[in-house]
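Single-structure report; data block below.
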Amino acid sequence: MTGLWNLPRVELATVPTPLRPAPELSTMLGAEIWFKRDDLTGFGLGGNKVRALEYLLGDALSQGSDCLVTGSGPQSNWAMLAALAARRCGLDAYLVCYGSPVPATGNLLLAELAGARITFTGSPERASVDAGIATLADELRRDGRTPCVLPRGGATPIGALGYAHASLELAEQLLATGLRPRQLWLATGSGGTQGGLLAGAWWLQLPYEVVGVTVSRPAPQCLQQVGKLAAGVEKLLSAGAHGEAGVTSRAVTVIDGFLGPGYGIASAAGTDAARLVARTEGVFLDPVFGAKAMAALISASSGVVSHSRAISPLVFLVTGGVPTLFTATGGRT
Ligand SMILES: Cc1ncc(COP(=O)(O)O)c(C=O)c1O
């Protein structure tokens with residue numbers, strides 16, 4: 001299990017992020033809840049993608065890349081942080097956004113501030129970004145550049161390694177606090193964070209179930225994607241060793257039903273959940289990811305989510321997304 005230490009990584013995050021009890025919320029929901037504060041990863045305005053970018057940028061630099069190409073929506077936390085991390089590592093940053101140009105607020109404003117070169121596909125389809133990234137990368141190669149090309153969300157096994165590494169950090173904190181959580185809850189989008197956590201839990205034999213709340217894709221697609229990424233991480237972790245099948249044979253847990261009006265658009269249940277957490281614990285949950293995951297946890301605590309129960313004690317991963325707190329629609333624009 002030496003794979004993690006042999007892979008190139010750049011240090012971007014300030015870790016460990018705090019693991020703290022949420023006493024008021026626990027009382028209200030009748031479950032012992034702790035927050036792992038990855039909104040405080042300490043690069044840009046923080047967030048879960050910082051951990052993925054440590055490995056993705058490490059890999060890009062080791063391959064001799066001189067620029068980074070990725071994309072998503074104009075309010076993507078991922079795209080903004082990828083651009084910021086690229087610039088921090090001395091690479092030019094190119095972002096492809098779906099849709100048409102919009103006023104620069106939230107993440108788009110920050111991406112511009114970071115010096116990202118931003119283009120729009122002109123199509124409202126999220127998938128239009130994938131073709132846009134490929135075309136732009138080809139153009140850059142024709143110009144003699146060496147682009148590091150990353151998919152939406154940075155959802156690759158190398159990116160997902162960030163949360164295998166974070167699992168080690170959490171394991172140390174659990175040891176120090178004596179906490180033995182039965183579940184770890186989080187919002188799932190492209191699947192890299194949950195995939196990395198699943199692989200990490202398997203690797204370290206951690207006691208909890210990783211429960212993802214999908215806020216982007218239908219659950220079956222999400223299950224497949226998380227499983228694939230977890231297996232990819234497992235393979236990287238086992239590099240040089242003869243690892244037995246771990247994650248691939250584990251059940252992936254994804255909860256559906258909390259997307260609300262759509263990806264990137266705040267939901268009523270999420271807004272209520274975010275209000276409750278701000279008013280009880282002094283923690284802001286973003287409207288696109290964290291708020292919807294918390295809405296699911298609140299429902300599960302009251303037994304409303306039939307296919308998954310909140311099993312106490314549990315940890316809720318606060319994944320960041322702070323810039324979208326300041327956008328009118330809570331995400332998509
Ligand atoms: C704030 C926040 N939380 C959660 C997620 C979901 O992470 P993943 O795409 O790895 O599933 C994202 C993805 O961009 C995010 O920005």
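Derivation of every value follows stated rules applied to the coordinates shown; laboratory data play no part. Bear in mind the structure is a predicted one, so any value in this text is a computation, not a measurement. Using ideal geometry, Cβ is built from the backbone for each residue, glycine included, and neighbour counts are taken over all protein chains shown.
Here are the numbers:
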| quantity | calculated |
| --- | --- |
| Dipole-positive endmost among W78, T119, V96 within region 50-154 (Cβ charges, Cα centre) | W78 |
| Paired Rg and Dmax values of region 50-154, which use every Cα atom, in angstrom | 12.4, 36 |
| Eligible lysines near K235 by straight Cα distance, threshold 27 Å, same-chain separation 8 or greater | K36, K49 |
| E209 long-range amide H proximity, modeled H, under 5 Å | Q183, L184 |
| Normalised alpha carbon radius of gyration of the chain [divisor 2.2 N^0.38 Å] | 0.94 |
| Long-range HN-HN contacts of F35 with modeled amide H, under 5 Å | R20, A22, F316 |
| For peptides 288-298, 259-269, sequence by mean Cβ density within 10 Å, most packed first | 288-298, 259-269 |
| Helical mean residue ellipticity (222 nm; -39500 (n - 2.57) per DSSP H run of 4+; nearest 500) of the chain | -13000 deg cm²/dmol |
| Amide N proximity, region 48-62 versus F326 label position 7 Å along Cα-to-Cβ, cut-off under 19 Å | 48-50 |
| Antiparallel bridge percentage (DSSP; both residues within the chain; nearest 5) | 10 |
| Within region 50-154: Cβ-based charge dipole about Cα centre, in debye rounded to nearest 20 (Lys, Arg +1; Asp, Glu -1) | 140 |
